[in-house]
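The values are calculated or read from the model by the stated rules, or taken from the named source; none is laboratory data. This structure is a prediction, so every number in the text was calculated from the model and none was measured. Positions of Cβ are generated from backbone atoms using ideal geometry, with glycine treated the same way; all protein chains shown enter the neighbour counts.
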Amino acid sequence: MIFNNKIREKLLKLKNEAEKMEEFAEFKIFHPDELEGEQVGYSIDKDGNSLVSNEEGAWKSEWIVVGYEILCGDPIIIETNQIGYPVSSLMHGMGDWDSGIYLSDSLDKFTDGIIKINQFISEKSMANVVPRITCKDLDNLIKEIIKEDEYGDFDNWKSMLDPIYESTKEYEDNLTKRVKKLSEGGLIIKEISDRLNMSIKDTYKYLRRDVEV
């Protein structure tokens, strides 16, 4: 495993930021002190024997497992032989390691993306407005994150943030039901807006929004 102080510092920063948003994310990042043990089954077997070879589909010596995707357990790796240490997710259970997707063209950009998410959640949680967070807000945030990232992909980030998308959709569905119920009770849009501390524009939007009620 190719591991130096520079990589350690970057991974520690990533771990610290990833911890702040674990309840909203579909992935986990390891602490640098855990990395040696987390390579078992990838670059080494349980007895410490190397699984690295030059064969097609084999594990590469420059890969370090730094985390995993929660839903399917796919390892998240960095490529230490590339500038910036690109971040990828590899598919396990395929018989080789040829299948996977890039998550970011560098470890720094991946970390910066998570920092932006944390800042967004913090700012929104303190805002005295309704709706606090929308799925459209999350979409715009991802677009901002991937804008300067060559390997950044909207669907990949959205998948990694599935828990916050699910909770936000539930929040918006419940808000929609409240708006519709108040409207059915005879309140006009301005009255609903005042009751829920929403803008008139948002009140109208949620009144027209489709949801099972």
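Quick check on residue 180: is it assigned to a helix (DSSP H, G or I) and surrounded by fewer than 16 Cβ atoms within 10 Å (Cβ to Cβ)? Answer is no for this residue. Inside segment 90-110, residues that are of a type in the set (S, T, N, Q) and assigned to a helix (DSSP H, G or I) make up a count of 0. Just one of the listed residues (152, 113) is outside any helix (DSSP H, G or I) and either closer than 30 Å to residue 74 by Cα or free of Cβ contacts under 8 Å to residues at least 24 places away in the same chain (or both), and it is 152. Looking at 122, 104, just one residue is modelled with pLDDT of 95 or more and among the small types (Gly, Ala, Ser), and that residue is 104. If the condition is being under 19 Å from residue 14 (Cα atoms) and charged (D, E, K, R), then segment 33-61 contributes 33, 34, 36, 38.
For the subset of segment 15-38 comprising residues that are out of contact with any Leu (no Cβ under 7 Å at 6 or more places or on another chain) and aliphatic (A, V, I, L, M), which member is farthest from residue 162 (Cα to Cα)? Full working, then the answer.
Keep residues of segment 15-38 that are out of contact with any Leu (no Cβ under 7 Å at 6 or more places or on another chain), which gives 15-23, 27-28, 30-31, 33-38.
Now drop any that are not aliphatic (A, V, I, L, M), which leaves 18, 21, 35.
Values: 18: 15, 21: 12, 35: 26 Å.
So the residue we want is 35.
In the set (1) under 23 Å from residue 161 (Cα atoms); (2) not in a strand (DSSP E or B), the condition left unmet by residue 78 is number (2). Within segment 183-206, restricting attention to residues that are assigned to a helix (DSSP H, G or I) and of a type in the set (A, V, I, L, M, F, W, C), the residue that is surrounded by the fewest Cβ atoms within 10 Å (Cβ to Cβ) is 200. Do the conditions hold for residue 84, that is, is it assigned to a loop (DSSP other than H, G, I, E, B), without any contact (Cβ under 8 Å) to a residue 40 or more places away in the chain and not aromatic (Phe, Trp, Tyr)? It is true that residue 84 is assigned to a loop (DSSP other than H, G, I, E, B), without any contact (Cβ under 8 Å) to a residue 40 or more places away in the chain and not aromatic (Phe, Trp, Tyr). Is there a residue in segment 60-70 that is in a loop (DSSP other than H, G, I, E, B) and closer than 15 Å to residue 91 by Cα? The answer is yes; a qualifying residue exists. Note on segment 27-43: among residues that are of a type in the set (A, V, I, L, M, F, W, C) and in contact with a strand residue (DSSP E or B) (Cβ under 6 Å, 6 or more places away or on another chain), the one that is surrounded by the most Cβ atoms within 10 Å (Cβ to Cβ) is 29. Test residue 125 against the stated conditions and say whether it is surrounded by fewer than 15 Cβ atoms within 10 Å (Cβ to Cβ) and under 28 Å from the mean Cα position of the chain (by Cα). Spelling it out, residue 125 is indeed surrounded by fewer than 15 Cβ atoms within 10 Å (Cβ to Cβ) and under 28 Å from the mean Cα position of the chain (by Cα). Applying the condition of being within 29 Å of residue 115 (Cβ to Cβ) and small (Gly, Ala, Ser) to segment 158-198 and asking which residue is farthest from the chain's Cα centre (by Cα) yields 167. If you check 77, 83 for being closer than 19 Å to residue 11 by Cβ, surrounded by 13 or more Cβ atoms within 10 Å (Cβ to Cβ), β-branched (Val, Ile, Thr) and assigned by TED's automatic domain parsing to the domain that holds residue 10, only one passes: 77. Every condition in (1) surrounded by fewer than 16 Cβ atoms within 10 Å (Cβ to Cβ); (2) in contact with a strand residue (DSSP E or B) (Cβ under 6 Å, 6 or more places away or on another chain) is met by residue 160 except one, and the failing one is (1). If you check 149, 155, 162 for being at negative phi and in contact with a helix residue (DSSP H, G or I) (Cβ under 8 Å, 6 or more places away or on another chain), only one passes: 149.
Taking the conditions exactly as written (within 22 Å of residue 157 (Cβ to Cβ), crowded, with 16+ Cβ neighbours inside 10 Å and at pLDDT below 95), does residue 24 satisfy them or not?
For residue 24, the condition - within 22 Å of residue 157 (Cβ to Cβ), crowded, with 16+ Cβ neighbours inside 10 Å and at pLDDT below 95 - is met.
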